[in-house]
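Notes follow the structure.
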Amino acid sequence: MPGLLSDTERLRRVFELELKQECANRVVEGGLDRMFIQMQEDGLLEIGGPLRQRVRMLPPGGYRALQPEQRRSWLEGTLRALAVPTSAPAREPVPLRKPAASRGTPARTAKPRPRAVPSRDAGVASDPEPAHHGPNLSLDAPVSRLPGVGKAAEAKFEKLGVRTAGDAVFLFPRRFNDFTDMRRIAELAPSSMPQTVVGNIFSVREMRFGRRVKGAEALVTDGSGTLRVAWFNMPYVVRQLEEGTRVVFSGKVRSFRGRLQMENPEFEPVDDEAANAGRLVPVYPATQGLSQRTLRRAVKTAVDALADSVVDAVPEWLRDRERLPRLAPAVRALHFPNSFGEAEEARRRLALGEFLAIQAAVLTRRAEWQQGEDAPSLALGPRLGPFLDSLPFRLTTTQRECLDDILEDIQGPAPMLRLLQGDVGSGKTVVAFGAMLAAVHSGMQAVLMAPTEILADQHYRSFAKLLGGGEVHALDGVFMPSWLGRPLRVLLLTGSLTPAQKAQIRADVAHGGADIIIGTHALLEDDVAIPRLAMAVVDEQHRFGVMQRVKLRQKGLNPHLLVMTATPIPRTLALTVYGDLEVSTISEMPPGRKPVKTVWVQPHEREEAYDVIRERLDAGEQAFVICPLVEESESLDVRSAEEEFERLRAGPLKRYRLELLHGRMPGRVKDDVMERFGRHEADVLVSTSVIEVGIDVPNATVIVIEGAERFGLSQLHQFRGRVGRSAKQSYCLLFSTEDDPGPDARERLEAMVDTTDGFKLAEVDLAMRGEGEAWGRVQSGANSMLRVAKLTDRDILMQARHLAAEVLAIDPKLQKSEHRALAVAVKPFLEKATEAN
């Protein structure tokens with residue numbers, strides 16, 4: 001595979017790790033689709049190559065649109081295509097796409113061939129019945145001791161993380177089929193809450209929804225009426241349903257073109273025994289060839305025999321004092337509840353134990369960071385007032401509060417460990433700069449690490465502006481701000497420098513010839529010595545973990561650490577994944593800025609949108625146009641930056657000056673393009689996602705996002721943050737390729753239109769994408785180990801944090817016998833955090 005040989009090992013690890021993590025799409029930042037887009041930009045999807053062919057097999061919604069089983073099938077097929085063996089058991093591939101139908105018409109399906117109807121326990125029915133189960137079970141007994149679990153089923157249970165009978169006890173339902181409140185089709189009404197019906201499949205076929213979105217459609221009847229059921233971006237559902245079968249569907253219902261439609265519902269063949277019982281029936285995480293009936297039978301046996309043997313992480317003295325229910329009844333109730341209320345109460349009891357273990361772990365990490373040698377005592381002292389007076393603006397109330405918190409922390413002796421978060425454009429950089437100046441004023445060094453060269457360069461430019469217009473010698477980075485009372489040398493260390501330039505900067509830093517060093521994570525390399533490092537600022541904290549902190553500590557004098565993010569993090573998520581950091585939040589925007597007006601522009605509304613763009617350009621303002629790819633791609637059906645650049649300058653925007661920017665350009669060329677745009681030598685910048693962060697052009701008031709439905713909510717909000725940086729009214733135009741891009745994309749775009757508040761959007765994203773993927777913040781490993789707790793459980797989390805602090809205050813090492821179970825529960829979180837970094 002010419003062009004991919006150097007990346008084979010990386011791809012193998014990525015795909016195999018994705019398999020091990022149950023295809024959760026969390027292995028790489030932004031998901032596998034983001035990686036494929038980047039590879040396409042970098043020219044690594046070789047035409048005719050096996051990876052390109054496999055990417056072309058993905059549906060229009062990409063890898064993230066697939067269900068877990070479809071993801072696994074695609075990954076295994078890709079590893080085979082790349083001639084890389086996988087340790088996962090082979091299985092028959094599940095097709096991801098069907099032959100394309102003509103635009104706007106359903107795909108033609110062949111006449112069904114007669115075939116045998118599989119039993120409910122297809123794939124496991126032939127397994128021999130285990131000889132022992134029930135009262136003789138132990139928590140560490142192999143899962144094969146459970147009824148219906150022979151060798152074939154044992155391998156399938158292992159894919160669910162269930163190797164022992166004890167694991168089966170903690171395989172909790174992901175939802176319930178509600179046979180106590182079944183609706184007939186005639187009784188359905190539009191609602192944002194899921195509704196459940198049982199019906200016979202009258203017909204099922206593959207469909208096209210609009211020009212690009214493929215999916216499946218079924219007509220279901222129960223004698224009272226007929227219901228249209230639609231699955232967007234999931235054409236493979238056709239293979240999982242058969243006309244005439246009786247199926248239970250659970251999903252949201254809405255009115256579409258005058259008739260009711262259920263969208264992307266969960267479904268499974270009806271278990272008549274469960275349905276006739278008229279109760280809540282658990283639906284467990286599943287894998288191919290393992291039926292719900294088999295899962296229910298095995299799990300119930302394990303729960304009945306072992307629930308009383310499960311050890312509670314909540315110490316008994318704490319449980320009695322807080323009057324908490326015992327663990328065993330809660331375990332039973334969460335598997336087989338009498339009502340949804342009982343299931344929720346049981347879940348909350350179990351969630352408290354999970355959060356208690358996580359909070360004990362993160363508070364232990366914080367204590368470990370702050371123990372040992374004292375940190376340097378830093379202060380701005382009499383220079384604080386002159387520094388603030390030199391700024392071209394007044395700090396907002398919350399900016400000043402955050403700066404005061406930081407300056408108090410860094411007085412010592414414990415090293416600061418603080419997270420500074422704020423919405424796009426809220427002014428985090430000036431707060432961080434104040435902390436770094438305190439180090440310089442105290443005779444120490446400070447560093448600022450950014451995730452990309454573009455962002456590092458932007459920080460350098462921002463610092464030059466914040467130095468109050470003081471004289472700067474560009475060649476040696478020496479600034480002369482009058483209010484500081486001494487020269488200040490700031491150096492920029494990036495990968496685009498020549499080896500000789502890098503060597504000179506490293507030497508200057510090592511011998512004290514630099515006060516502030518700005519760069520990427522290359523600053524952490526062993527050959528970079530920063531002997532008087534006392535303050536480190538890290539941008540985009542999710543890329544900076546526990547092991548990186550250890551490296552940083554080894555470089556300096558037990559330095560203080562401030563990590564920043566422009567991506568607002570819900571407080572519960574921050575306390576779960578970053579619970580060892582104190583959190584400061586800039587919750588207001590600089591005065592005089594107007595909220596960005598955001599509009600979802602559908603295909604038939606484009607011309608009207610171009611009128612708005614031309615109006616703003618004629619007023620002397622500037623615009624961004626964002627495209628997902630550099631060049632046209634057969635494998636990813638979206639507009640490319642190069643294609644759009646040529647189209648715009650020959651068509652709707654031909655009267656204006658356009659520039660093109662993308663990640664494949666050499667660094668100097670990218671800098672030249674941005675400098676010309678910043679000097680208003682260009683009116684429109686057509687770019688890929690390279691401008692997501694680090695670009696500050698106050699005169700730009702319009703941003704167009706092509707294929708907006710393909711971007712996540714966080715990334716869309718970051719793009720929008722490129723405008724609205726002055727007192728002028730700004731606009732964000734979300735261009736979609738379809739009138740109706742599907743329910744998930746529709747919800748994201750509507751959320752963008754509804755609010756510009758990044759914290760509200762963070763909560764929406766958390767609710768939409770679930771606990772594992774929200775904002776990509778899973779590097780600490782905590783999220784992936786949550787079985788029942790949710791990041792929306794704020795009250796439970798805060799209770800657990802207070803209880804964990806109380807326990808650690810009397811037993812910091814959890815060595816007392818009454819805390820042994822909690823210590824065991826904490827250990828995996830500490831190990832997972834270290835491994836993830």
With the cut-off at 18 Å, tell me which of the pairs K790/K827; K594/K670; K20/K156 have Cα atoms farther apart than that. K790/K827; K594/K670
Where in segment 221-244 is the amide nitrogen less than 12 Å from a point lying 7 Å along the Cα-to-Cβ axis of Q288? 240
Quick check on packing: order 514-522, 604-612, 726-734 by the mean number of other C-beta atoms within 10 Å, highest mean leading. 514-522, 726-734, 604-612
For segment 431-530: Kirkwood Rh in Å [reciprocal of mean 1/r, alpha carbons]: 13.7
Which three extents, in angstrom, do the Cα atoms of segment 264-361 have along their principal axes, listed largest first? 46, 29, 27
Among 804-810, 227-233, 407-413, what's the highest-first ranking by average C-beta atoms within 10 angstrom per residue? 227-233, 407-413, 804-810
Segment D671-L17, extension gain: residue separation times 0.36 nm, minus the distance between their alpha carbons: 231.8 nm
Length added when fully stretched, E525-V824, from 0.36 nm per residue minus Cα-Cα: 104.2 nm
For D618 and Q53, FRET efficiency with R0 = 41 Å and r from the beta-carbon atoms, rounded to 0.05? 0.30
On average, how much accessible surface per residue is there in segment 159-211, in Å², for a 1.4 Å probe, leaving out ligands, DNA and RNA? 46
With all protein chains present, segment 333-479 has a carbon and sulfur share of its accessible area (1.4 Å probe) in percent of 51
Write down the Kirkwood hydrodynamic radius of segment 380-506, to one decimal in angstroms, obtained as one divided by the mean of 1/r over all alpha carbon pairs. 15.8
Peptides 437-443, 485-491: what's the order by average Cβ count within 10 Å, highest mean first? 437-443, 485-491
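The values are calculated or read from the model by the stated rules, or taken from the named source; none is laboratory data. For clarity, every value in this text was computed on a predicted model and none was experimentally measured. Cβ: placed from backbone, ideal geometry, glycine included. Neighbour counts: every protein chain shown. To get the accessible areas, we keep the full protein, side chains included, count just its heavy atoms, and leave off ligands, DNA and RNA. Shrake-Rupley method; radii C 1.70, N 1.55, O 1.52, S 1.80 Å.
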